[in-house]
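Undergrad: Structure incoming, see below.
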Amino acid sequence: QVQLVESGGGLVQLGGSLRLSCAASGRGFSNTEMGWFRRAPGEERVFVAAIDRSGNTYYTESVKGRFTISRDNAKNTVYRQMNDRKHEDTSVYYCAGDPALVETERQSDIATWGQGTQVTVSS
């Protein structure tokens, strides 16, 4: 089973850019669909972006055009480039992996989660 560790979080200026990484250990990364979720202060964790085994990408409406998810199977890593950061992007960001993540309707059904990394957008 894949294990996930996020990195790259921190403080970013309003309108700035930040790249998050999620390194996977264990077997089967290339057969795992990967996603990013986030939890804003006082809110529930929600879907942000996903990438399937073929490299097809999916985004929630609020981040389309600003966020890009990608994967490097040779490095067992998935990335999330975030541009034009807004205050509402301040959240804990979680990496997740599951063989059928794209079609999973419930977060509780997703097999593997990272510990989360804090991203704070400041003025």
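The values are calculated or read from the model by the stated rules, or taken from the named source; none is laboratory data. The model shown is predicted, which means the values in this text are computed figures rather than measured ones. Every residue, glycine as well, gets a Cβ built from its backbone with ideal geometry; the counts of neighbours run over all protein chains shown. To get the accessible areas, we keep the full protein, side chains included, count just its heavy atoms, and leave off ligands, DNA and RNA. Shrake-Rupley method; radii C 1.70, N 1.55, O 1.52, S 1.80 Å.
Undergrad: Name the single residue, out of those in segment 86-115 being assigned to a loop (DSSP other than H, G, I, E, B) and within 19 Å of residue 62 (Cβ to Cβ), that is modelled with the highest pLDDT.
TA: Applying the filter and picking the extreme gives 90.
Undergrad: Shifting gears a bit: Of these, 45, 38, 19, which one is among the charged types (D, E, K, R) and more than 21 Å from residue 106 (Cα to Cα)?
TA: Only one candidate qualifies: 19.
Undergrad: All but one of (1) among the aliphatic types (A, V, I, L, M); (2) crowded, with 17+ Cβ neighbours inside 10 Å; (3) farther than 24 Å from residue 3 by Cβ hold for residue 40; which doesn't?
TA: (2)
Undergrad: In the set 63, 92, which member is without any contact (Cβ under 8 Å) to a residue 40 or more places away in the chain, out of contact with any Cys (no Cβ under 7 Å at 6 or more places or on another chain) and not acidic (Asp, Glu)?
TA: Going through 63, 92 in turn, just one is without any contact (Cβ under 8 Å) to a residue 40 or more places away in the chain, out of contact with any Cys (no Cβ under 7 Å at 6 or more places or on another chain) and not acidic (Asp, Glu): 63.
Undergrad: When you look at residue 100, is it within 22 Å of residue 24 (Cα to Cα) and buried (at least 20 other Cβ atoms within 10 Å of the Cβ), yes or no?
TA: no
Undergrad: Please count how many residues of segment 61-76 are assigned to a loop (DSSP other than H, G, I, E, B), open to solvent by 40 Å² or more (accessible area, probe 1.4 Å) and more than 20 Å from residue 5 (Cβ to Cβ).
TA: Residues meeting the conditions: 2.
Undergrad: Is it the case that segment 17-36 has a residue that's part of a strand (DSSP E or B), open to solvent by 10 Å² or more (accessible area, probe 1.4 Å), of a type in the set (Phe, Trp, Tyr) and in contact (Cβ under 8 Å) with a residue 24 or more places away in the chain?
TA: No - not one qualifying residue is present in segment 17-36.
Undergrad: Here's a follow-up. Which is touching a residue at least 24 places away in the same chain (Cβ under 8 Å) and under 15 Å from the mean Cα position of the chain (by Cα), of 52, 84?
TA: Matching residue, one of 52, 84: 52.
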